1. Principal axis lengths of segment 96-171 from Cα atoms, whole Å, largest first?
2. Report, for the chain, the % of DSSP beta bridges that are antiparallel, rounded to 5.
3. Can you tally the net charge around GLY149? Count Lys and Arg as +1, Asp and Glu as -1, for every other residue whose Cβ sits under 9 Å from the Cβ of GLY149.
4. For segment 9-15, what does the Karplus curve 6.51 cos²θ - 1.76 cosθ + 1.60, with θ = phi - 60°, yield as ³J(HN,Hα) per residue in whole Hz, taken in order and with x for Gly and Pro?
5. Using amide H atoms built in the peptide plane, which far-off residues or other-chain residues are under 5 Å from GLN131 H to H?
6. Give the residue from LEU40, LEU62, GLN94 lying farthest towards the positive end of the charge dipole for the chain; charges sit on Cβ (+1 for Lys and Arg, -1 for Asp and Glu) and the dipole is referred to the Cα centre.
7. Show that you can apply the helix-only estimate: for the chain, add -39,500 (n - 2.57) for every DSSP H stretch of four or more residues, divide by all residues, and state [θ] at 222 nm to the nearest 500.
8. Can you give me the orientation-averaged projected area of the convex hull built on the Cα atoms of the chain, in nm²?
Amino acid sequence: SLDELADFRVVVLSNLRPIDLDPAQQEILARFCGEMGGGLLMIGGPATFDSSWVDSRLEKLLPVVFSANPGVRGLDRAFRMQVSEEALQHPVFQITDRGSSREAWAQLPPFTQYGRVDAAKPGAEIWAVHQTDQGPRGPRVLMAAQRYGAGLSAVLTIQNFWRWRLAKDSDPQQFDRFWRQLFRFLSEAGRQDVSI
């Protein structure tokens, strides 16, 4: 219920399947984000970014258009995430005090699994795209965010994003800093102080 969500600033839907969230629950999340100024983040891969969400209430509040035809599954190859210029200027993506954040993002390990969406919605900020996979409206979106009413919504379509933290040459502090900054950003529309 909205009363149960009132104490929270951000809701994370992780590895959610379409059968896990009924229309009434989707409506509550839309009101939490749009009316109460909450943040909503959806994380997952092919099973999460499923064609069953097309035209759903959840799709309406997220910054991407779900794909009705996500293509053949199980053929994922290693890829590198391309962070957009817009993202590199955004506070969420400033993950290092030593050197350039651009260089830090360029050194992320390759990933292998991702959910396919057709495109970002008009007005959404595209933060990262797939290196080679082209959707019907350009490179496949891997990260995006948008304002939704009084709140914010975002998606991260890389299933195994955790590989960044565990990679041999990665700096776990950069991974942790990214997540802290992302949650602060998603909670900024609210009026309450946030502690993480």
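1. On the principal axes, segment 96-171 reaches 38, 29, 19 Å in Cα extent.
2. Beta bridges within the chain, antiparallel portion: roughly 65 percent.
3. That sum, taken over residues with Cβ under 9 Å, equals +1.
4. With coefficients 6.51, -1.76 and 1.60, one gets 9, 9, 10, 10, 9, 10, 6 Hz.
5. Amide H neighbours of GLN131: ARG80, GLN82.
6. GLN94
7. For the chain, the value works out to -6500 deg cm²/dmol.
8. Values: hull surface 43.8 nm².
The directionally averaged projection comes out at 11.0 nm².
The values are calculated or read from the model by the stated rules, or taken from the named source; none is laboratory data. Every value quoted in this text rests on a predicted model; they were computed, and no experiment measured them. Note that we place each Cβ from the backbone using ideal geometry, even for glycine, and neighbour counts take in every protein chain shown. The area values use the complete protein model at the heavy-atom level, side chains included, leaving out ligands, DNA and RNA. Shrake-Rupley method; radii C 1.70, N 1.55, O 1.52, S 1.80 Å.
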